[in-house]
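**Student:** Quick one: this structure, given as C-alpha cells, is what I'll be asking you about.
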Amino acid sequence: MSKKKMLSAIKTAKPPLSSMPAVPPFPTEQRPASEIFGAQAAQSGSRVLLAADFDGISQAIHFLYPQARCIASPLPQVTSGIELKNCEPSDLQAVDVAVLNGQLGVAENGAVWIAEEDMVHRVLPFITQHLVLLLPQDQIVYNMHEAYQQITIDEGGFGLFVAGPSKTADIEQSLVIGAQAARSLTIFLT
Amino acid sequence: MKAHPIKAAAFLQNEARADWHDESLWFVRAKRDKAAHEIPEWEQLRELASQIKDHTLSRLDDYLEDFERHALENGVQVHWAEDAAAHNRIIQSILKKHRARRVVKSKSMLTEECQLNAYLEQHDIEVVDTDLGERIIQMRGEPPSHIVMPAIHLKKEEVGQLFHEQLRTEKGATDPKYLTEAARQHLRHSFLKADAAITGVNFAIAETGGVVVCTNEGNADMGTHLARVQIHCMGIEKIIPQTKHLGVFTRLLARSATGQPSTIYTSHYHRPRPGAAMHIVIVDNGRSKQLSRPDFRNSLKCIRCGACINTCPIYRRSGGHSYGSTVPGPIGSILTPGLDLKKYSSLPFASTLCGSCSDVCPVKIDIHEQLYRWRQIITREGHLPRTKKWVMKIAGSILSRPGWYEQAGKTARRLLRGLPRILVYAPLNIWGKGRELPPPPRQSFREWYRKNREE
C-alpha cells in the first residue's frame with residue numbers, strides 16, 4: 001500500500017523528462033598507473049611494497065609482523081593460523097594479520113577492489129588488526145570510471161574498495177589511524 | 001523553536017571558541033579545494049553529476065521500481081515508508097521478527113531525521129552509534145552539529161572528560177589517539193554482541209538493486225558483517241541509474257567532503273551473506289513534496305558531502321546546533337523549510353547570499369538562489385519577525401523612490417558624523433549589533449558623478 005502511494009506521489013511530483021548524459025572517457029596521465037597508485041596510496045597511509053623485493057610473501061609477512069600471533073589467509077602460499085572455511089565471523093576477532101588477494105587497483109586514489117570470494121568472510125578485511133593485500137601490477141587502472149568498467153559490483157553479494165587503514169578525525173580534526181577497522185594496510189605489488 | 005539568530009548569538013558569546021570553530025571548518029574547506037584542483041576534469045564531473053541527478057529525478061518512480069525488482073531478485077527484502085513514523089515502525093518490526101535486541105548503527109542522517117534511536121529505545125532495544133563522532137554525541141545526548149563531522153563543535157578536553165566518565169579513560173587525558181583507541185575497544189565489544197546492524201545509504205543502484213555505503217572508519221561493515229540482520233535506510237533520492245555513475249559520484253564525494261581522494265571504505269552490498277538477512281527501507285518523509293516544487297526540487301540532488309556547510313561563513317560562526325534541523329548549514333536551510341515553513345522560517349535568512357555554497361556543491365545545486373526564494377515565500381506567508389518586516393517595508397519605500405533615497409542618504413551621512421556612538425548603536429540599529437558601520441563618506445556617488453561630469 002505504502003509503495004503504491006509513494007510511487008504515485010512521485011509520479012505526480014516529478015519534473016518533465018530530462019535526458020541521461022553520457023559519461024565520456026577522461027584523459028589519463030602520461031606516467032604509468034602503478035607509479036601514481038604508489039604515491040596516492042602512501043598519501044592515504046597505506047604501505048606499498050614490491051613483492052619481488054622479498055623472498056616470498058610468507059617470509060615478508062613474518063618479517064613485517066614479527067609479533068603477529070594469528071595470521072589468516074586463504075592463499076596457498078601463506079600458512080593460515082585459523083581455518084577460515086570452518087569458523088564463524090566473530091572468531092576472526094583474534095586475527096592479527098589477514099592476507100588477501102586484491103583484484104584491481106585505482107591509481108587516482110590508491111584504492112583496491114576486493115571481491116567477496118577473496119575475503120572468505122566479509123568481515124575479515126575489517127576485523128583484522130592489519131590488512132595485507134596482493135595486487136598484480138598490471139591490474140591498476142587510472143581512475144574510478146575505468147575501475148567500474150572492469151569490475152562487476154554484483155558478482156558476489158558484497159564487494160569493497162579499500163583505500164587505506166581505518167581512520168577518523170572526529171576528535172578536533174586530528175587524524176588518528178586505527179579507528180574501528182584495520183589499523184594498517186600494506187599492499188604488495190606482484 | 002528559538003530562531004537561528006538567537007542561538008547563533010549564544011554560540012558567539014565565547015569568542016575564542018567561535019574563532020576555533022570557524023578555523024576548523026575552513027581547514028576542511030581548504031583541503032577540499034586542493035583535492036578538487038588536482039582533477040583537471042572537476043568542473044565537467046560536477047556538470048555530469050548534476051545532469052545524472054536531474055535525469056534520475058525526472059524518472060524517479062521508474063528507477064525505484066527497477067531498484068526494488070533487482071534487490072528482490074538478489075534476496076533482499078524491500079520496505080516502503082511514507083514518513084518517519086512508518087520508517088521507525090518498519091524497523092522495529094524487522095528487529096522484532098528477527099528477535100534482535102542489540103543494534104549497532106553507522107552514520108545515517110535519515111535515521112536522525114526520523115528520530116529512530118529514541119523510538120527504538122522506547123521499545124526496549126539498545127542502539128549504539130558506531131561512528132566515533134556519532135558515539136560521542138550519543139553519549140552526550142546531543143544531536144550531530146554537522147552531517148560529516150558530527151562532533152566538530154567539541155574540544156578534545158570535553159571528549160576526554162566524557163570518556164573518563166563513561167569509558168573510564170584516565171582523568172584529564174585528551175590525546176585524540178588515546179581516546180580513539182578507548183572508543184575502538186568499547187565499540188568492538190558492541191559489534192561482537194550486536195544482533196542487527198543499521199546503516200544509511202550513499203548510493204542505491206537501480207540496475208543492480210545494490211546499495212553503496214562509504215565510511216572512513218569501517219564501522220558500517222564491522223556492524224553489517226557480524227550481525228545476523230543488516231538494515232539499510234535510504235531516502236528516495238539516493239537512487240542512481242547505473243553502476244557507471246558510481247564512477248562520477250565516488251570521485252566527487254570524498255574530495256568535496258574532506259578533501260580525500262576517496263573514502264577509505266566504499267562498500268557495495270547486494271545480497272545477504274548465507275544465514276543472514278538483508279533489508280532495505282525506502283523512505284519519502286516529505287521528499288516527494290519537495291520534488292513537486294519546481295523552485296526547490298533540485299535540493300534533492302544533494303549527496304550529503306557537507307561542502308556547503310564547511311564553506312558557509314554563517315555556519316562557521318554560528319555552529320550546527322543553532323539551526324535546530326538535522327541537516328544544518330546552507331543545504332539544511334533549503335531542505336527544512338519544505339518540511340515546516342513556520343518552524344524553520346529563520347533558516348533561509350542564516351546566509352549572506354554570498355553564493356560560496358553553490359560554488360562548491362558537487363552536484364551544482366543553486367543553493368543561494370533557493371535561499372533567496374524561500375525568503376520571499378516566508379515573507380509572503382507572514383513568518384517574518386516584526387522588526388525585520390518593518391525595516392524591509394521602510395527600506396522598500398525609500399529604495400523605490402530616488403528622491404527619498406537621495407535625501408535619506410544625505411541625512412544619514414550628516415547624522416552618522418555628528419551623533420554620539422551611543423545613539424548610532426542604540427538597540428534599534430540591529431545591523432550594528434556586533435558589527436561596525438563603515439565611516440560615512442563625504443558625498444554620495446551621485447554627487448561625485450554629477451560634479452566630475454561637469455568638470
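**Student:** In this structure, is A:Val23 in contact (Cβ under 8 Å) with a residue 40 or more places away in the chain and either in a loop (DSSP other than H, G, I, E, B) or under 30 Å from B:Leu300 (Cβ atoms) (or both)?
**Tutor:** yes
**Student:** May I pose another question? Which numbered condition trips up B:Val283, out of (1) farther than 25 Å from B:Glu142 by Cβ; (2) touching a residue at least 24 places away in the same chain (Cβ under 8 Å); (3) within 11 Å of chain A (Cβ to nearest Cβ); (4) open to solvent by less than 10 Å² (accessible area, probe 1.4 Å)?
**Tutor:** In the conditions (1) farther than 25 Å from B:Glu142 by Cβ; (2) touching a residue at least 24 places away in the same chain (Cβ under 8 Å); (3) within 11 Å of chain A (Cβ to nearest Cβ); (4) open to solvent by less than 10 Å² (accessible area, probe 1.4 Å), B:Val283 misses (1) alone.
**Student:** Exactly one condition in (1) in contact (Cβ under 8 Å) with a residue 40 or more places away in the chain; (2) part of a loop (DSSP other than H, G, I, E, B); (3) not small (Gly, Ala, Ser) is not met by B:Glu170; state its number.
**Tutor:** (1)
**Student:** Can you tell me which of (1) within 23 Å of B:Thr326 (Cβ to Cβ); (2) surrounded by 15 or more Cβ atoms within 10 Å (Cβ to Cβ); (3) within 21 Å of the chain's Cα centre (by Cα) is the one B:Lys2 doesn't meet?
**Tutor:** With (1) within 23 Å of B:Thr326 (Cβ to Cβ); (2) surrounded by 15 or more Cβ atoms within 10 Å (Cβ to Cβ); (3) within 21 Å of the chain's Cα centre (by Cα) applied to B:Lys2, the lone miss is (2).
**Student:** Still on this model: For the range B:233-245, which positions are without any contact (Cβ under 8 Å) to a residue 60 or more places away in the chain, of a type outside the set (Ser, Thr, Tyr) and surrounded by fewer than 24 Cβ atoms within 10 Å (Cβ to Cβ)?
**Tutor:** Correct list: B:Gln242, B:Lys244.
**Student:** Among the residues of the range A:6-34, how many are at pLDDT below 95, farther than 19 Å from B:Trp42 by Cβ and facing chain B (nearest Cβ under 7 Å)?
**Tutor:** Looking only at that region, the number is 0.
**Student:** Let me ask another. Residues that are crowded, with 19+ Cβ neighbours inside 10 Å and among the aromatic types (Phe, Trp, Tyr): which helices (runs of 4 or more DSSP H) entirely in the range B:30-134 hold 2 or more of them? Can you show your working first?
**Tutor:** Working: elements: B:42-58, B:60-73, B:84-97, B:109-113, B:116-122.
Once the helices (runs of 4 or more DSSP H) in the range B:30-134 are filtered for at least 2 residues that are crowded, with 19+ Cβ neighbours inside 10 Å and among the aromatic types (Phe, Trp, Tyr), what remains is B:60-73.
**Student:** Hand me the list of strands (runs of 3 or more DSSP E) wholly inside the range A:118-190 holding 1 or more residues that are closer than 21 Å to A:Gln77 by Cβ and more than 7 Å from chain B (Cβ to nearest Cβ).
**Tutor:** Values: elements: A:130-135, A:158-162, A:184-189.
Once the strands (runs of 3 or more DSSP E) in the range A:118-190 are filtered for at least 1 residues that are closer than 21 Å to A:Gln77 by Cβ and more than 7 Å from chain B (Cβ to nearest Cβ), what remains is A:130-135, A:184-189.
**Student:** A further question follows. Exactly one condition in (1) β-branched (Val, Ile, Thr); (2) farther than 30 Å from B:Ser292 by Cβ; (3) assigned to a loop (DSSP other than H, G, I, E, B); (4) within 12 Å of chain B (Cβ to nearest Cβ) is not met by A:Thr79; state its number.
**Tutor:** (4)
**Student:** Also: Just to be sure, is A:Gly105 open to solvent by 10 Å² or more (accessible area, probe 1.4 Å) and not in a helix (DSSP H, G or I)?
**Tutor:** no
**Student:** Now for a different question. Report yes if A:Ala94 is surrounded by fewer than 20 Cβ atoms within 10 Å (Cβ to Cβ), more than 9 Å from chain B (Cβ to nearest Cβ) and over 24 Å from B:Leu246 (Cα atoms), otherwise no.
**Tutor:** The answer is yes for A:Ala94.
The values are calculated or read from the model by the stated rules, or taken from the named source; none is laboratory data. Note that this is a predicted model, so its numbers are computed, not measured. Backbone-built Cβ (ideal geometry, glycine too); neighbour counts: all protein chains shown. These area figures cover heavy atoms from the full protein model, side chains too; ligands, DNA and RNA do not enter into them. Shrake-Rupley method; radii C 1.70, N 1.55, O 1.52, S 1.80 Å.
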